[in-house]
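Structure, as structure tokens:
The values are calculated or read from the model by the stated rules, or taken from the named source; none is laboratory data. Predicted model only: the values in this text are computed from it and were never measured. Cβ placement follows ideal geometry from the backbone for every residue including glycine, while neighbour counts extend to all protein chains displayed.
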Protein chains: 4
Amino acid sequence: MNTESSAGDADARARDAVQALYAGDAASKRLGIEILEVAPGRVRIAMIVRPDMVNGHGICHGGLLFTLADSAFAFACNSHGIAMVAAGAAIEFLAPAPQGERLIADAVETFRTDRHGIYDIAISNSGGEQFAHFRGRCARLRLPGPPAGRPPSSPQDVP
Amino acid sequence: MNTESSAGDADARARDAVQALYAGDAASKRLGIEILEVAPGRVRIAMIVRPDMVNGHGICHGGLLFTLADSAFAFACNSHGIAMVAAGAAIEFLAPAPQGERLIADAVETFRTDRHGIYDIAISNSGGEQFAHFRGRCARLRLPGPPAGRPPSSPQDVP
Amino acid sequence: MNTESSAGDADARARDAVQALYAGDAASKRLGIEILEVAPGRVRIAMIVRPDMVNGHGICHGGLLFTLADSAFAFACNSHGIAMVAAGAAIEFLAPAPQGERLIADAVETFRTDRHGIYDIAISNSGGEQFAHFRGRCARLRLPGPPAGRPPSSPQDVP
Amino acid sequence: MNTESSAGDADARARDAVQALYAGDAASKRLGIEILEVAPGRVRIAMIVRPDMVNGHGICHGGLLFTLADSAFAFACNSHGIAMVAAGAAIEFLAPAPQGERLIADAVETFRTDRHGIYDIAISNSGGEQFAHFRGRCARLRLPGPPAGRPPSSPQDVP
């Protein structure tokens with residue numbers, strides 16, 4: 001097996017892991033989140049700011065900007081095929097995102113071991129305007145017993 | 001005017017400010033967020049984890065936990081009648097919140113001047129189980145021009 | 001044993017745990033940090049801003065404000081007698097602290113299980129002026145092998 | 001003037017700005033912090049973990065890891081020649097840094113306008129082992145009165 005096909009295999013595994021996660025993620029689908037690109041540790045997704053995502057001034061609710069970044073984070077940190085859960089995150093709001101804007105979230109891997117990781121997500125539009133920066137921390141999912149129960153893309157009791 | 005009626009006045013002003021904000025907040029209403037208590041600098045709100053808020057494992061999306069806390073933050077920091085906008089926030093996820101859970105977000109004021117503030121929000125249920133802790137920073141809304149455009153409850157360009 | 005003496009026992013244990021930590025903490029001692037009060041989950045310490053802690057304008061270096069808060073955090077999270085290590089922290093700087101100022105750091109316990117915790121530290125002076133707010137996360141020390149090696153008051157590989 | 005010499009000019013201005021800051025920074029000098037590289041928005045500095053920087057177990061105090069990162073942050077965000085002050089920061093501790101270790105802090109610019117910025121600092125050693133990740137937010141220094149008073153490298157009242 002040459003290096004190229006190995007990279008191709010890793011990309012395919014990453015796409016499979018993210019698709020499996022996305023398939024069960026009613027919240028991301030409800031928000032119209034769309035997956036654009038997936039590679040090991042890197043994900044790009046998009047969301048359009050709809051009328052039910054804004055306040056009375058037509059600006060995206062900060063919580064939904066966070067949710068977009070958090071989905072990108074969950075996809076990126078689970079792209080290696082090892083189940084990871086979010087332990088915490090911080091976001092800086094830079095500019096208001098108007099209704100109708102198509103937001104793009106780019107997730108990159110800043111640090112990773114098999115037990116935890118740090119991921120940075122930038123939210124911008126296609127013109128390069130930046131709306132928010134997010135940093136998330138994840139930890140390996142500890143299965144408490146047989147039937148799991150604890151999902152790879154959600155909060156947990158191991159900060 | 002005695003002290004009691006002053007406190008009553010401040011409470012009434014806080015309720016008015018929060019109701020005005022909530023009235024235009026399509027995102028919070030879309031999530032079924034309910035206002036339980038309002039006082040100057042303090043707010044308690046609730047949200048039930050619905051099927052469209054979870055992933056495939058029946059656990060609330062971390063972004064929507066954040067959104068609940070962020071709404072409580074916006075209401076609390078605007079309860080004094082001075083328009084404030086979120087500059088950033090951090091959240092720690094402590095335990096997964098299952099579908100059907102009624103989450104309560106309690107916001108308290110940790111620091112405040114007329115120009116900025118820090119608010120702490122705890123998310124728990126009626127039994128006292130804790131799901132997340134959130135700390136938000138806000139800054140006074142700078143009106144860039146004529147009659148606003150920039151809303152009191154959303155991100156902005158003044159971190 | 002009555003409740004009062006139990007509380008007294010817990011206080012004594014907390015003081016012993018903090019004193020043991022402080023005894024080996026060359027960095028805190030080098031900065032002249034002084035322990036004022038200790039109870040389970042609560043600590044108050046102080047530090048005077050010396051000439052070697054400031055920049056050319058006579059203002060305390062932000063890193064040393066953080067260090068004061070971080071020491072209060074380490075003492076508070078280890079006050080129950082279970083070895084905990086810092087996993088991360090965030091600080092908001094509110095006002096510059098001038099040379100000669102006596103800074104007081106008050107640590108309170110916001111969340112705690114036997115495995116992890118969240119502590120909030122406020123830095124102020126005796127007049128109530130606030131300089132910074134800090135939030136720290138800790139996790140239980142995992143002993144990697146026999147003679148410990150990993151200290152209770154320092155960073156580690158278990159965020 | 002060609003592009004190369006412009007870049008050279010910008011580098012020279014960045015070095016001058018950082019040297020001026022460092023010259024007055026008693027705290028950074030007291031910790032033995034050494035400047036390795038400077039460019040607009042990018043700085044690399046180093047610090048050796050001395051006996052007076054550790055706790056009883058020979059591990060660097062988390063506050064001093066933060067201080068190293070905070071100095072790199074101050075230098076980087078002031079490298080454009082516009083006075084910026086730290087508004088807040090967060091750090092994740094990844095591994096304990098033993099006494100004697102030479103720590104390297106690399107600062108990069110993640111976001112910047114003339115009024116504020118976000119900088120990311122990684123702390124590692126020459127072998128590539130990572131000890132901490134830091135993210136800092138800065139805001140433009142507002143001069144409250146005559147010529148200065150408020151320093152470019154310290155906390156302030158404008159989060």
Conditions (1) crowded, with 24+ Cβ neighbours inside 10 Å; (2) within 21 Å of residue A:89 (Cβ to Cβ); (3) not β-branched (Val, Ile, Thr) -> residue A:55 fails only (2)
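I'd like the full set of residues that are without any contact (Cβ under 8 Å) to a residue 12 or more places away in the chain and not hydroxyl-bearing (Ser, Thr, Tyr), limited to the range A:103-119.
First, pick out the residues of the range A:103-119 that are without any contact (Cβ under 8 Å) to a residue 12 or more places away in the chain: A:111, A:113.
Across the range A:103-119, the qualifying residue is only A:111.
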Restricted to the range A:107-120 and to residues being hydrophobic (A, V, I, L, M, F, W, C) and within 21 Å of residue C:142 (Cβ to Cβ), the residue surrounded by the fewest Cβ atoms within 10 Å (Cβ to Cβ) is A:111
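Whether any residue in the range D:109-116 is within 25 Å of residue C:87 (Cβ to Cβ), assigned to a strand (DSSP E or B) and modelled with pLDDT of 95 or more is what I want to check. Walk me through how you get there before you give the answer.
Of the residues in the range D:109-116, the ones within 25 Å of residue C:87 (Cβ to Cβ) are D:110.
From what's left, assigned to a strand (DSSP E or B): D:110.
If we keep only those that are modelled with pLDDT of 95 or more too, we end up with D:110.
Yes, the range D:109-116 contains a residue that is within 25 Å of residue C:87 (Cβ to Cβ), assigned to a strand (DSSP E or B) and modelled with pLDDT of 95 or more.
Kindly indicate the residue of the range C:120-130 that is touching a residue at least 24 places away in the same chain (Cβ under 8 Å) and within 11 Å of another protein chain (Cβ to nearest Cβ) and also nearest to residue C:64 (Cα to Cα) among those meeting that condition. Working first, answer last.
First pass over the range C:120-130, keeping only residues touching a residue at least 24 places away in the same chain (Cβ under 8 Å): C:121, C:123, C:125-126, C:129-130.
If we keep only those that are within 11 Å of another protein chain (Cβ to nearest Cβ) as well, we get C:123, C:129-130.
Values: C:123: 12, C:129: 18, C:130: 15 Å.
The selected residue is C:123.
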Expected single match for surrounded by fewer than 21 Cβ atoms within 10 Å (Cβ to Cβ), within 18 Å of the chain's Cα centre (by Cα), at pLDDT below 95 and of a type in the set (A, V, I, L, M, F, W, C) among A:10, A:20 is A:20
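Would you say residue D:100 is free of Cβ contacts under 8 Å to residues at least 60 places away in the same chain and in a loop (DSSP other than H, G, I, E, B)? Show your work before the answer.
Details: free of Cβ contacts under 8 Å to residues at least 60 places away in the same chain: yes; in a loop (DSSP other than H, G, I, E, B): yes.
In short, yes.
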For residue B:81, the lone unmet condition from (1) in a loop (DSSP other than H, G, I, E, B); (2) free of Cβ contacts under 8 Å to residues at least 24 places away in the same chain; (3) in contact with a helix residue (DSSP H, G or I) (Cβ under 6 Å, 6 or more places away or on another chain) is (2)
Here the residues within the range A:49-66 that are assigned to a strand (DSSP E or B) and either in contact with a Lys or Arg (Cβ under 7 Å, 6 or more places away or on another chain) or more than 8 Å from chain B (Cβ to nearest Cβ) (or both) are none
Every listed condition ((1) modelled with pLDDT of 95 or more; (2) surrounded by fewer than 16 Cβ atoms within 10 Å (Cβ to Cβ); (3) in a helix (DSSP H, G or I)) holds for residue B:32 save (3)
Among D:104, D:123, the single one that is surrounded by 18 or more Cβ atoms within 10 Å (Cβ to Cβ), of a type in the set (Val, Ile, Thr), touching a Ser or Thr at 6+ places or on another chain (Cβ under 9 Å) and modelled with pLDDT of 95 or more is D:104
Note on residue B:46: of the conditions (1) at the interface with chain A (Cβ under 7 Å from one of its Cβ atoms); (2) under 14 Å from the mean Cα position of the chain (by Cα), unmet is (1)
Every listed condition ((1) farther than 19 Å from residue D:140 by Cβ; (2) touching a strand residue (DSSP E or B) at 6+ places or on another chain (Cβ under 7 Å); (3) surrounded by fewer than 21 Cβ atoms within 10 Å (Cβ to Cβ)) holds for residue D:41 save (1)
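Test residue D:79 against the stated conditions and say whether it is polar (S, T, N, Q), buried (at least 16 other Cβ atoms within 10 Å of the Cβ) and more than 12 Å from chain C (Cβ to nearest Cβ). Outline the logic, then answer.
Numbers: polar (S, T, N, Q): yes; buried (at least 16 other Cβ atoms within 10 Å of the Cβ): yes; more than 12 Å from chain C (Cβ to nearest Cβ): yes.
The answer is yes for residue D:79.
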Filtering the range D:87-103 down to residues that are out of contact with any Asp or Glu (no Cβ under 7 Å at 6 or more places or on another chain) and within 14 Å of residue C:63 (Cβ to Cβ) yields D:90, D:91, D:103
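Suppose we filter A:95, A:69, A:74 for residues that are within 11 Å of chain B (Cβ to nearest Cβ), part of a helix (DSSP H, G or I) and under 24 Å from residue D:138 (Cβ atoms); which single one remains? It would help to see each step written out before you state the result.
Details: A:95 fails: part of a helix (DSSP H, G or I); A:74 fails: under 24 Å from residue D:138 (Cβ atoms).
Result: A:69 is the single residue among A:95, A:69, A:74 that is within 11 Å of chain B (Cβ to nearest Cβ), part of a helix (DSSP H, G or I) and under 24 Å from residue D:138 (Cβ atoms).
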Those residues of the range B:82-92 which are within 11 Å of chain A (Cβ to nearest Cβ) and of a type in the set (Val, Ile, Thr) amount to B:85, B:91
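From A:39, A:27, A:17, A:7, grab the single residue that is within 14 Å of residue B:62 (Cα to Cα) and either more than 14 Å from every other protein chain (Cβ to nearest Cβ) or in contact (Cβ under 8 Å) with a residue 12 or more places away in the chain (or both). Full working, then the answer.
Numbers: A:39 fails: within 14 Å of residue B:62 (Cα to Cα); A:17 fails: within 14 Å of residue B:62 (Cα to Cα); A:7 fails: within 14 Å of residue B:62 (Cα to Cα).
Of A:39, A:27, A:17, A:7, the one residue that is within 14 Å of residue B:62 (Cα to Cα) and either more than 14 Å from every other protein chain (Cβ to nearest Cβ) or in contact (Cβ under 8 Å) with a residue 12 or more places away in the chain (or both) is A:27.
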Taking the range B:58-76 and the residues there that are farther than 29 Å from residue B:113 by Cβ and modelled with pLDDT of 95 or more, the one that is surrounded by the most Cβ atoms within 10 Å (Cβ to Cβ) would be B:62
